[in-house]
Structure formats: structure tokens, C-alpha cells
Amino acid sequence: MTDLQPARGTHDFIGDDQRRFHRVVSTARRVAATYGFDEWITPIFEDTRVFARTLGETSDVVMKEMYTFDDRGGDSITLRPEGTAGVCRALVSNGLTQSLPRKVFYAGPMFRYERPQKGRFRQFHQIGTELIGPAEPLADAEVIACGWDILKALNVAEDTVLEINTLGDAESRAAWRDALLAYFTAHRDALSQDSLDRLHRNPMRILDSKHDADRRIVADAPTIEPYLTSAAASFYDRLRQHLIHFRVPFQTNPRIVRGLDYYSHTAFEFVTARLGAQGTVMAGGRYDGLIAEMGGPMTPAVGWAAGIERLAMLMPTTPSVPAPVAVIPVGDAAEATAIEILQSLRANGIRAEIAYRGNLKRRMERANRAGARSAVILGDDDLAAGVAQVKDLTTGSQEPIPFAHLPSRLK
């Protein structure tokens, strides 16, 4: 069985990888809590309709990337490809649509069958926030500010740029859609087949095309700003003012879009140049129609998601591990007291370890290999005197310390 390897697109988090991963999640959880976000934990798999409805039946994710299967009862089940849909389903199915606003934080694995790439696996992991209920641009700005503060707390903010755009309201998007349809129809002979398929179904999705020929055409496509209603333009202006007040630097990018009808107003991405082509580390926007797609009432909402692996790759340093204290009994008689000391140190938050066998020399060698900062040595004479010999493994100095004083001296 020695030839078994992780399935393609999966990854073991061990050592430094695990410590970076844990730092991203714990930091995000801490910062989000200061903004009033409560953590929700939703199932890793859902009824397939949860994602088919919310991501769009014809989207690439639904058509090509979802891990979907029939369970033994014949129900269609999908491993979640993203986190927002599960949060919205949980809001509706738990009867919480009448007790708003809700601020939700989540963290966990997502699954997409796609070509593994830098910082993105078939099982990948995300953190995210959803602010459900408020329709005001201040809510959008606060969600973005929370993301910015998480990036700052991880020391990666200087490597990212916030790009924002507006998708307007329904009236704005309808006028813009007509302009895009006319523009892309005039260039249909140069479009890729994927974009031709999207032309009449949803021309906005052509703006996301990765085909080189499409990108050249998209470069001159109409932007939404000339088609914004006065209300939509005011929303966008107020968002930008709020971001200034939150002291979140940004730049506008009219090419950031979301292709589904329930997205409106704000769309944004934190991008970096340090990860090559896969430069988006956090992305989100306003999705006022999504909860209605789930069978709930029309409910405003805004949020973002961020890839944990990508954020971990950006972190400038790996979190350090506290150096342990090695407890070393010399002889069988000292073992019981050594265990009491070991547990006393751990109860006081001190990382402590004990070697299971070997003489004093071998146990000291193991303590040095483990990077221990101190050794607590217990011999027969020490037991009789009620002290332990504490050796500083950095300086080599050693002194007797009474058992009761060990935790305070070693903290």
C-alpha cells in the first residue's frame, strides 16, 4: 500500500503548511468577531438544487465543475463548490429571514472538479462573510473593511489592491445588457464558441471569458456607468465615500462583473501580483436576489469569500511553534512525580513533553533535537528535597526549583 498518494487536486496540511493555514483561519475568525460576525457551520454537501439555482444552471461551475452524485436514496447531492449558497439556505430553512440583520462568518473546505492550479485545488478552503438584511451601501463598505482588516492582520494587505465596480440596479443592467448584446453581436464572427453560446443567454458572461480573442473584443466593450440610473449612481458614490471613511484604499475596475441576475450594485476583488495569473485572493459583492431564489423573501445581502491557501501563500513568515519544556525523570521512582509536573505545566499553558524511555543522556539528546528551551530533571535526591533541576538548554545554566514554583518560572 506504499504507492497510495493523495487524490489529484487534494493536499495534506502538515508542519509549516498547517501552521499557515491555521493562522489564516484563526486571524480571520478573530477579526470578523470584532465586526460582530457569528460563525455558522453548514454541511459540506447539500441538495444539488441549492447550487444549481444559485450558481446558474448554465454556469461553468454547475455544468463542468461540481462533484454531484445520487446517494443511496436516489437524491442528487453535491459537495459544496462555494459557501454563500449554504449560508442562504440555512437562513431560510432555519426560519431566520424575519430576524435580520445577520452577520455570518464561515470557514471550511469547498470542492470543484477543475484543473489544479497555484493556490487552488479540487478540495480547496475558504473563509467568508455574509451580511444579510441591510440594503444600504454602508453595509457593503463595512464588509469590505472587515476583509481589509483581515488582510492587514495577516500582513498581506500591502501585497493586494482592492478593485471595485458597480453592477447597478435592475434597470441599469437591462440597459447595459442591451448595449453589450449589440456590441458583441457586431463582433460575433471573432468570438469563441463559448462566448457565442452566451451571447443571447447572458452577454455579461462574455466579459469573464479567458479566450485571448474574446479578451481583445472585451477591452472595448461598453461599461455600465453610462447606463446607471440616478439611484444606482448615488449608491456607487456613497460606497466610495464610505470606503474613504473606513480608510480602505481602492481603485475602480469597470471589468469586474457577476453574471447572474440576483447580483446588484457592488462587485469587488482584492488582487495580488505575487501569485501569477491566479491573482484574486478575496472577492465578493451584493446579491439582493439570492435568498429569494432559495424560496425566502426578497432580502438584501452582501459578502465575500477568500481562498485560505492563497492567503497562506502570501503570508511573509510562517507562525512559529513555542519551544517545549522537556520533563526528564531519572529512574522509575521519579516517573509518577514527573507526570504530575508535566500535567501542571500543561494546565498553565506551557507546552511540555516527556520522553518515554532511555537514560538521562539519551533523553537530553532527544530534548535538544526537539528544540526544547528547558529541561526539568528529576532524580532520587531531587524527589527527597521536593525540587527539580531546571536546565536552560540555551545557556546551559541549571538551578533547583521547588515543584510548586515550576509553572511560574517556566511560563
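The values are calculated or read from the model by the stated rules, or taken from the named source; none is laboratory data. Worth saying up front: this structure is predicted, and the values here are computed from it rather than measured. When we count neighbours, we look across all protein chains shown, and the Cβ atoms used for this are built from the backbone with ideal geometry, even at glycine.
Which residue is nearest to the chain's Cα centre (by Cα), if the candidates are limited to region 188-239 and must be within 18 Å of R177 (Cβ to Cβ) and of a type in the set (S, T, N, Q)? Across region 188-239, the extreme among qualifying residues is S209. Does A213 satisfy the criteria of being more than 28 Å from L151 (Cα to Cα), part of a loop (DSSP other than H, G, I, E, B) and of a type in the set (A, V, I, L, M, F, W, C)? Here the answer is no, as A213 does not meet what is asked.
Could you list, in sequence order, all residues of region 234-270 that are among the small types (G, A, S) and in contact (Cβ under 8 Å) with a residue 24 or more places away in the chain?
G259, S264, A267
State yes or no: is E136 over 26 Å from A232 (Cα atoms) and surrounded by fewer than 20 Cβ atoms within 10 Å (Cβ to Cβ)? No.
Restricted to region 178-197, and to residues there that are touching a Phe, Trp or Tyr at 6+ places or on another chain (Cβ under 9 Å) and of a type outside the set (A, V, I, L, M, F, W, C), the residue that is surrounded by the most Cβ atoms within 10 Å (Cβ to Cβ) is S195. Among all residues of region 65-81, there is none that is modelled with pLDDT under 95, surrounded by 16 or more Cβ atoms within 10 Å (Cβ to Cβ) and in contact with a His (Cβ under 8 Å, 6 or more places away or on another chain). Highlighted here are the strands (runs of 3 or more DSSP E) found entirely within region 56-160 that include at least 1 residues which are hydroxyl-bearing (S, T, Y) and closer than 18 Å to E269 by Cβ: 123-132.
If I ask for residues that are among the small types (G, A, S) and at pLDDT below 95, which ones from region 100-125 would you list?
G119 - this is the single residue of region 100-125 that is among the small types (G, A, S) and at pLDDT below 95.
The requirement of being touching a helix residue (DSSP H, G or I) at 6+ places or on another chain (Cβ under 9 Å), touching a residue at least 12 places away in the same chain (Cβ under 8 Å) and of a type in the set (D, E, K, R) is fulfilled nowhere in region 56-74; no residue meets it.
If you filter region 345-366 down to residues that are of a type in the set (G, A, S) and under 36 Å from the mean Cα position of the chain (by Cα), you find that the one that is nearest to A326 (Cα to Cα) is A352.
When P300 is tested against the conditions (1) in contact with a Pro (Cβ under 9 Å, 6 or more places away or on another chain); (2) more than 18 Å from Q398 (Cα to Cα); (3) outside the structural domain of F124 (by TED's automatic domain parsing); (4) crowded, with 20+ Cβ neighbours inside 10 Å, the lone failure is (3). The set of residues in region 159-177 that are within 18 Å of the chain's Cα centre (by Cα) and either surrounded by fewer than 19 Cβ atoms within 10 Å (Cβ to Cβ) or not aliphatic (A, V, I, L, M) (or both) comprises D159, T160, V161. Against the numbered list (1) assigned by TED's automatic domain parsing to the domain that holds S26; (2) in contact (Cβ under 8 Å) with a residue 24 or more places away in the chain; (3) out of contact with any Gly (no Cβ under 9 Å at 6 or more places or on another chain), I144 comes up short only at (3).
Residues in region 369-384 that are closer than 14 Å to I341 by Cβ and either assigned to a helix (DSSP H, G or I) or small (G, A, S) (or both): S374, A375, G379, D382, L383.
Scanning region 383-397 for residues that are within 46 Å of the chain's Cα centre (by Cα) and more than 17 Å from L345 (Cα to Cα) turns up L393, T394, T395, G396, S397.
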